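The values are calculated or read from the model by the stated rules, or taken from the named source; none is laboratory data. Since we're looking at a predicted model, the values are computed, not measured. Virtual Cβ from ideal backbone geometry, glycine too; neighbours counted across all protein chains shown. Just the protein is used for accessible areas: all its heavy atoms, side chains included, with ligands, DNA and RNA removed. Shrake-Rupley method; radii C 1.70, N 1.55, O 1.52, S 1.80 Å.
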There are 2 protein chains.
Amino acid sequence: MTDSPRLYLEDLYVGQRFVSASHALDADQIKAFARQFDPQPFHLDEETAKDTFFGGLAASGWHVAAITMKLLTDGGAPIAGGVIGGGAEVAWPVPTRAGDVLQLESEVIEITPSRSRPNRGMIVLRSETRNQRGEIAQITTAKLIVHRRPNPAP
Amino acid sequence: MTDSPRLYLEDLYVGQRFVSASHALDADQIKAFARQFDPQPFHLDEETAKDTFFGGLAASGWHVAAITMKLLTDGGAPIAGGVIGGGAEVAWPVPTRAGDVLQLESEVIEITPSRSRPNRGMIVLRSETRNQRGEIAQITTAKLIVHRRPNPAP
């Protein structure tokens, strides 16, 4: 977590942008995630991966998604009350490899105050997870629940 | 991995359904994933979670997504060459809690042979990740790359 101020619904505006910290990925992390959640040859072993669709070891897309969430919670989306998603769309335009360093650029693209719950609203945050070559490893379009600033105690 | 036959593009049809194995989730798994990828109070500690949006410890949505992938690779989507996704849409209608047992029901909802690459195509697989109460914990709509059956060697 960073020390940057945490933002409430009324602090956000369409077009607002955030840049995250970065995450360095290595082969051990790729294999450890894969063993637990996505034990397919192209995520587990460099040699076996060569003859697969990926042509070499690649991170599970869900691993990239998890790292993206880590970067969002670690200051990449400085939202008061936390990063609470109701759903998301993800796409993986290029594979993520051992040695890649991932960083997010995010933008608020929609803000919808709740009609039924006056103390909160929904935003759509679009994040690009880029590697050190500037390639987009993941595009995430997430619906997040954001609280309004609480009234001061009377 | 199961011993069930692995399916190529020509083995699949719209409406085809698969049922996965199940995964029992506990608080330790929830917290371990959260420490690594989603270190927010409602995923880390039962007591602190009580005063949050979730009203108690809940799994990260990305943890549920990772478990869903594990169940897909473990026979839930018996596709030859593996479960290779280009992107997905996920929604989390209800929180997932410690003690939940998750299982998938998946259905092929679209099949699109590739025009440019005759040896493969794209399918859309819709999966419901249900808990032991029958509630849908995650809906996943994933685009998967599926290979055609290779020609026998001449």
So who's got an amide H within less than 5 Å of the one on residue B:137, skipping anything under 5 residues away but keeping other chains? H placed 1.01 Å off N, in plane. B:129, B:130, B:131
Quick one: Cα centre-to-centre distance for segment B:95-154 and segment A:96-151, in angstrom? 25 Å
List the distances, in nm and shortest first, from the label point of residue B:53 to the matching label points in every other copy, placing each point 7 Å from Cα along the Cα-to-Cβ direction. 3.2
Which residue, B:106, B:118, B:144, has the largest displacement toward the positive end of the dipole of segment B:84-145 when charges sit on each Cβ (Lys, Arg +1; Asp, Glu -1)? B:118
Put a dot 7 Å past each Cα toward the Cβ at residue B:105 and residue A:141; how far apart are the dots in nm? 2.9 nm
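So what's the convex hull volume per residue for the Cα atoms of segment B:84-154, in Å³?
Convex hull of Cα atoms, per residue: 114 Å³.
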at residue B:110 the sorted inter-copy label distances (label 7 Å from Cα on Cβ side), in nanometres, are 1.7
Mind pulling the angle between the C-alpha long axis of helix B:27-37 and the longest principal axis of chain B? Nearest 10 degrees, somewhere in 0 to 90. 70 degrees
So how strong a dipole does segment B:32-154 carry about its Cα centre when Lys and Arg Cβ are +1 and Asp and Glu Cβ are -1, to the nearest 20 debye? 840 debye
Note: B:31-39 gets an average of partner chain Cβ contacts (10 Å, Cβ to Cβ) equal to 4
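Run the dipole for the protein assembly as shown about the Cα centre, Lys and Arg Cβ at +1, Asp and Glu Cβ at -1, nothing else charged, and hand back the magnitude in debye, nearest 20. Kindly include the intermediate steps, with their values, before the conclusion.
Values: 32 positive and 36 negative charges, 141 e Å.
Dipole size: approximately 680 debye.
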Scan chain A for the residue whose Cβ is closest to the axis carrying it onto chain B, then write down that distance in whole angstrom. A:89, 2
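Between their Cα atoms, which of B:50/B:70; A:31/B:143; A:31/A:143; A:31/A:70; B:50/B:143 are more than 27 Å away from each other? Before the final figure, lay out each step's value.
On the way: B:50/B:70 29 Å; A:31/B:143 23 Å; A:31/A:143 30 Å; A:31/A:70 18 Å; B:50/B:143 37 Å.
Listed pairs above 27 Å: B:50/B:70; A:31/A:143; B:50/B:143.
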Hey, what did chain B get for relative contact order, percent, Cα under 8 Å, at least 6 apart? 28 percent
10 Å Cβ neighbours from other chains, averaged over peptide A:61-72: 5
For residue A:17, place a label point 7 Å from Cα along the Cα-to-Cβ direction in every copy; what are the distances to the other copies, in nm, shortest first? 4.8
By accessible area (1.4 Å), largest first, A:92, A:62 order as A:92, A:62
Enter the accessible area of residue B:147 (Å², nearest 10), with the probe set to 1.4 Å and all protein chains included. 50 Å²
Out of all Cα-Cα pairs in the protein assembly as shown, roughly what percent, to the nearest whole number, are more than 23 Å apart? 57 percent
Protection proxy (average C-beta count within 10 Å per residue), highest first, orders A:44-57, B:27-40 as B:27-40, A:44-57
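Provide a whole-number value for the mean count of partner chain Cβ atoms within 10 Å of the Cβ atoms in peptide B:85-93. Before the final figure, lay out each step's value.
Numbers: counts 7, 5, 8, 8, 6, 9, 6, 5, 2.
Mean inter-chain Cβ contacts per residue within 10 Å come to 6.
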Can you list residues whose amide H is under 5 Å from residue B:120's amide H, if they're 5+ apart or on another chain and H is modeled 1.01 Å from N? B:114, B:148
If you plug each phi of segment A:136-142 into the Karplus form 6.51 cos²θ - 1.76 cosθ + 1.60 with θ = phi - 60°, what whole-Hz ³J(HN,Hα) values come out, in order, with x for Gly and Pro? 8, 7, 8, 10, 10, 10, 10
Against the longest principal axis of chain A, how steep is helix A:61-71, in degrees 0 to 90 to the nearest 10, with axes from Cα atoms? 40 degrees
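Over segment B:1-105, what lengths in whole Å, largest first, do the semi-axes of the equivalent ellipsoid take, defined as the square roots of 5 times the eigenvalues of the alpha-carbon gyration tensor?
Working: eigenvalues 199, 32, 28 Å².
The answer is 32, 13, 12 Å, longest axis first.
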Between residue B:50 and residue A:21, the FRET efficiency computed from the C-beta separation at R0 = 45 Å comes out, to the nearest 0.05, as 0.95
For segment B:1-58, what is the largest minus smallest coordinate of the Cα atoms on each principal axis, given in angstrom and ordered from greatest to least? 51, 22, 18
